[in-house]
Amino acid sequence: MDVPGYLARLGLEHEPPSLAALQRLQAAHVERVPYEMLDLQFGQPPSLDPSASTARILQGRGGGCYHLNGAFSALLRELGYQVTRHLGGVQHSTEDPPKISRNHLALTITGLPEDPEAAWLVDAGLGDGFHLPLRLREGSYDQGRYTYRIRPSEVAPGGWRFDHDPAGAFVGFDVAPGVAKMADFAEKWVWLSTAPESGFVRLCMLMRRDATGVDTLKALTLNSHGAEEVLESPEAWWTAAGDVFGIQRTLFTGDERDRLWQRLVEQHEGHAGDEVINA
């Protein structure tokens, strides 16, 4: 892995493992590397291989949870952290029962020098998730204007449950105990990335988190920390993609940009931006 290149992408210097360093790593990742799967609009699902995801990030792209947390966990290991990948399940709405659906790759960290026995939930792949790592201990945790809750999972004995703030884009997610391999997500990724009814195929979405809130671009609708506008031209869309999410138009061919714009208009006119992604 090109650790210096990855750290440069995050705007960080190399430092030994610590809670403060881990906080800086997650905050920089969710602020600088967006949640985006634009390739699905072209029928080209990216690989789940963490090395491929890392290369993608170094090229200036983002990814979904499998790619972002896959690459982030690989970086953390290279930096000396004790990181474990877990099967997870995001609950998108209250009508969607909680379960370990494998639609999320979850990460935990142990062995930090401040408290080697403590476990921490880290995540760079939620889009609208928590900004800083959360201690895996039952309780409520405030970050900015959001309040999160950690509690034992009711669907994964021995696992944990993250309850999102009521203002969040999803309800929460469950984390199963034990170690997961990237291959454990392969079947679910095929469905998420190719099925016509998958929300990730039906709706083009970019998300970026910072300490105060989240920026979201769904089809043509940009919501930046609560301020909403419709981007009515390709120029306006790519300007927002670059300025807000760091995705530069030069990463795509002219044909890809034209095809993407056609998809975005179709999704916007079909009111797909108002629908809940139910993966």
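The values are calculated or read from the model by the stated rules, or taken from the named source; none is laboratory data. Computed from a prediction, not measured in an experiment: that's the story for all the values here. With ideal geometry, Cβ positions are generated from the backbone for all residues, glycine too; neighbour counts draw on all protein chains shown. With ligands, DNA and RNA removed, areas are computed over all heavy atoms of the protein, side chains included. Shrake-Rupley method; radii C 1.70, N 1.55, O 1.52, S 1.80 Å.
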Task: Charge dipole magnitude, Cβ of K and R +1, D and E -1 - the range 140-216, Cα centre, debye nearest 20 - done: 80
- [ ] List, in order, the whole-Hz ³J(HN,Hα) value for each residue of the range 92-98 obtained from phi through the Karplus relation with A = 6.51, B = -1.76, C = 1.60 and θ = phi - 60°; use x for Gly and Pro.
- [x] 7, 8, 5, 7, 9, x, x
- [ ] For the range 145-279, restrict the atom set to alpha-carbon positions and state the Rg and Dmax in Å.
- [x] 17.4, 50
- [ ] Using the charge dipole of the range 24-90 (Lys, Arg: +1 at Cβ; Asp, Glu: -1 at Cβ; taken about the Cα centre), state which of Ala55, Leu76, Leu87 has its Cα farthest towards the positive end.
- [x] Leu76
- [ ] Rounding to the nearest 20 debye, state how big the charge dipole of the chain is about its Cα centre with +1 on each Lys and Arg Cβ and -1 on each Asp and Glu Cβ.
- [x] 620
- [ ] Compare Gly70, Gly88, Gly199 in a GNM of the chain, Cα atoms joined below 10 Å, and give the one with the largest fluctuation.
- [x] Gly199
Open item on the list: How much accessible area per residue does the range 127-194 have, counting only protein heavy atoms and a probe of 1.4 Å, in square angstrom?
Closed with: 48
Open item on the list: Relative contact order for the chain: what percent, with Cα pairs under 8 Å and sequence separation of 6 or more?
Closed with: 19
- [ ] Can you grab the distance from the C-alpha centre of the range 194-270 to the C-alpha centre of the range 97-147, Å, no decimals?
- [x] 27
Open item on the list: Considering only protein heavy atoms and a probe of 1.4 Å, how much of the accessible area of the range 163-263 is carbon and sulfur, as a whole percent?
Closed with: 53
Open item on the list: In whole percent, and with a 1.4 Å probe on the protein chains, what portion of the accessible area of the range 1-138 is carbon and sulfur?
Closed with: 48
Open item on the list: Given Cβ point charges of +1 (Lys, Arg) and -1 (Asp, Glu) and nothing else, what value in debye, to the nearest 20, does the dipole of the range 29-121 about its Cα centre take?
Closed with: 280
Open item on the list: Tell me which of Gly242, Gly226, Thr253 sits at the most positive position along the dipole axis of the range 215-274, charges placed on C-beta atoms (Lys, Arg +1; Asp, Glu -1).
Closed with: Thr253
Task: Note, ³J(HN,Hα) from phi for the range 102-116, Karplus 6.51, -1.76, 1.60, rounded to Hz, x at Gly and Pro - done: 6, 8, 8, 9, 9, 10, 10, 10, 10, x, 5, x, 5, 7, x
Open item on the list: Classify the range 121-212 from the C-alpha gyration tensor, please: rounded if a/c falls under 1.5, else prolate or oblate depending on whether a/b exceeds b/c.
Closed with: oblate
- [ ] Only helical DSSP H runs with n ≥ 4 go in: add -39500 (n - 2.57) per run for the chain, normalise by residue count and round the 222 nm mean residue ellipticity to 500 deg cm²/dmol.
- [x] -9500 deg cm²/dmol
TODO: Please list the radius of gyration and Dmax for the chain, considering alpha-carbon atoms only, with Å as the unit.
DONE: 17.9, 53
Task: Selection from Leu136, Ile150, Gly43 lying farthest towards where the dipole of the chain points positive, charges on Cβ - done: Leu136
